[in-house]
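Engineer: First the structure, then my questions, so here it is.
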Amino acid sequence: MSFEARALLLVTAALLSVGLAMLYSASAIVAVNAGSPGHFFVLRQATGAIAGMVAFAVAAKLDADVWRRWAWPIMGASLLMMLVIILPGTESISGRVYGSRRYLFNGSLQPSELAKFAVLVWTPMLLVKKGDAVRRLGKGLLPFILVIGALSVLAILEPDYSVAMMFCLLMAVLLFVGGARVAHFLFLAALVVPLLAQQLASKPYVRERIRSFLADEASESSRKAPTADQQYQSLVAVGSGGLTGVGFGQGNQQRGWLPLAYNDFVGSVVGEEFGFLGIAGLTLGFAAYGWLGFRIARNARTPFCSLLAVGLTFATVLTAFIHIGVVIDLLPNTGLTLPFFSYGRSNLVLTLGMTGILVNIGSERERVYGTAATDPLVATAV
């Protein structure tokens, strides 16, 4: 492996280890109050970590170029599973969590996570295939618009607006890096933004979140709106931590004050227990992940691998920074989790698998599996 791949492996191991410890601190009291052992959530997460490490090992050995052949099957499976979630009569296998239908098989599988990976694989595949044609609106960008539109509509119907916007943002970044014209982005934005704004405005809870954020109600102790309470408690947690924090396991917000402290707001627990230094360390850890990932993308062996590495890195780092921004009230509440930290096995397995692909792209020596596998006869002849 190259220096970047080895360093990425160490950064990932550090984030995963700290993440499991913070998840235990954030979830133990919640589990006990629910009548379960204190290690309930972290033990389930550990099973996801084990599966994720297997995914990491396989992805690190499997030549990254093979994902180019699997792009369409992965995209098709993602569209099918997201459709199954919202179909009438499938409540027995999908169910509702906080009013949304986002999971299959009793919460074991979240199709939107697979769909996110599908976007990251399918978009580079089609970009490389189209080449310069991507600079044309009709034959170039139209297929991307149709597919991402279908994914976004299915996500909205769950409903999950954060994931829908993430799909669009990931594809937009890859199209920009792949050579699409800026004028086309402006044209599409002029069409899509008004429709998206109208759709968001039609949902009272989304409208209230945005209004509360713009009014800065989270900073007021009176907590005028219920939607501001979660971010207000997050600010209390981060503010209570001061410079160095109150100590591991000594936080108060996870005692029932901060909803979903082990998931959407696990970064708040980091801020309370490890203070400003903890939040800064968290930010630097994901910044290092991004720096190494983009260096791997720059040195990738094929255009497809380069675009794939850009997408994988951007997806993980952007999600982390949005989560941190929500925790410190720089952004409205989006419901995005913190990679390696938040409870959720589908996301953990996917993130570790994506990191394994990055490590493979960053490998410089013999590749055993895949279309670009080293030919021992050629190696001997040289």
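Engineer: List the residue pairs whose Cβ atoms are under 7 Å apart, where the first residue sits in segment 321-333 and is aromatic (Phe, Trp, Tyr), the second is assigned to a helix (DSSP H, G or I) and crowded, with 16+ Cβ neighbours inside 10 Å, and the two are 6 or more positions apart or on different chains.
Structural biologist: Between residues of segment 321-333 that are aromatic (Phe, Trp, Tyr) and residues that are assigned to a helix (DSSP H, G or I) and crowded, with 16+ Cβ neighbours inside 10 Å, the close pairs are PHE321/PHE286.
Engineer: Related question: Taking TRP291 as the residue in question, decide whether it is free of Cβ contacts under 8 Å to residues at least 12 places away in the same chain and either part of a helix (DSSP H, G or I) or in contact with a helix residue (DSSP H, G or I) (Cβ under 6 Å, 6 or more places away or on another chain) (or both). If you could, list the steps in order and put the result at the bottom.
Structural biologist: Values: free of Cβ contacts under 8 Å to residues at least 12 places away in the same chain: yes; either part of a helix (DSSP H, G or I) or in contact with a helix residue (DSSP H, G or I) (Cβ under 6 Å, 6 or more places away or on another chain) (or both): yes.
So TRP291 fits the description; yes.
Engineer: Quick check on SER36: is it of a type in the set (Ser, Thr, Tyr), surrounded by fewer than 16 Cβ atoms within 10 Å (Cβ to Cβ) and either out of contact with any strand residue (DSSP E or B) (no Cβ under 7 Å at 6 or more places or on another chain) or touching a residue at least 40 places away in the same chain (Cβ under 8 Å) (or both)? First the steps, then the outcome.
Structural biologist: On the way: of a type in the set (Ser, Thr, Tyr): yes; surrounded by fewer than 16 Cβ atoms within 10 Å (Cβ to Cβ): yes; either out of contact with any strand residue (DSSP E or B) (no Cβ under 7 Å at 6 or more places or on another chain) or touching a residue at least 40 places away in the same chain (Cβ under 8 Å) (or both): yes.
Yes; evaluated as a whole, the condition is true for this residue.
Engineer: Follow-up question, since we're still on this one. Being loosely packed, with under 15 Cβ neighbours inside 10 Å and at pLDDT 90 or above narrows it down to one residue among VAL58, VAL42; which is it?
Structural biologist: Result: VAL58 is the single residue among VAL58, VAL42 that is loosely packed, with under 15 Cβ neighbours inside 10 Å and at pLDDT 90 or above.
Engineer: So, one more: Quick one: which residue in LEU282, LEU292, LEU348, LEU338 is buried (at least 23 other Cβ atoms within 10 Å of the Cβ), more than 25 Å from GLN231 (Cα to Cα) and modelled with pLDDT of 90 or more?
Structural biologist: On the way: LEU282 fails: more than 25 Å from GLN231 (Cα to Cα); LEU348 fails: more than 25 Å from GLN231 (Cα to Cα); LEU338 fails: more than 25 Å from GLN231 (Cα to Cα).
Just a single option satisfies the conditions, and that option is LEU292.
So that you can scan it fast, the table gives a plain yes or no per residue for (1) within 18 Å of GLY344 (Cα to Cα); (2) modelled with pLDDT of 85 or more; (3) of a type in the set (D, E, K, R); (4) surrounded by fewer than 21 Cβ atoms within 10 Å (Cβ to Cβ):
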residue: LEU87; (1), (2), (3), (4): no, no, no, yes
residue: GLY99; (1), (2), (3), (4): yes, no, no, yes
residue: PHE105; (1), (2), (3), (4): yes, no, no, yes
residue: SER108; (1), (2), (3), (4): yes, no, no, yes
residue: VAL119; (1), (2), (3), (4): no, yes, no, no
residue: ALA133; (1), (2), (3), (4): no, no, no, yes
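Engineer: Only one of (1) farther than 25 Å from TYR232 by Cα; (2) of a type outside the set (D, E, K, R); (3) assigned to a helix (DSSP H, G or I); (4) more than 16 Å from the chain's Cα centre (by Cα) is not met by ALA300, so which one is it?
Structural biologist: (3)
The values are calculated or read from the model by the stated rules, or taken from the named source; none is laboratory data. Since this is a predicted model, take the numbers as computed values, not measurements. Here the Cβ is made from the backbone with ideal geometry for all residues, glycine too, and neighbour counts use every protein chain on show.
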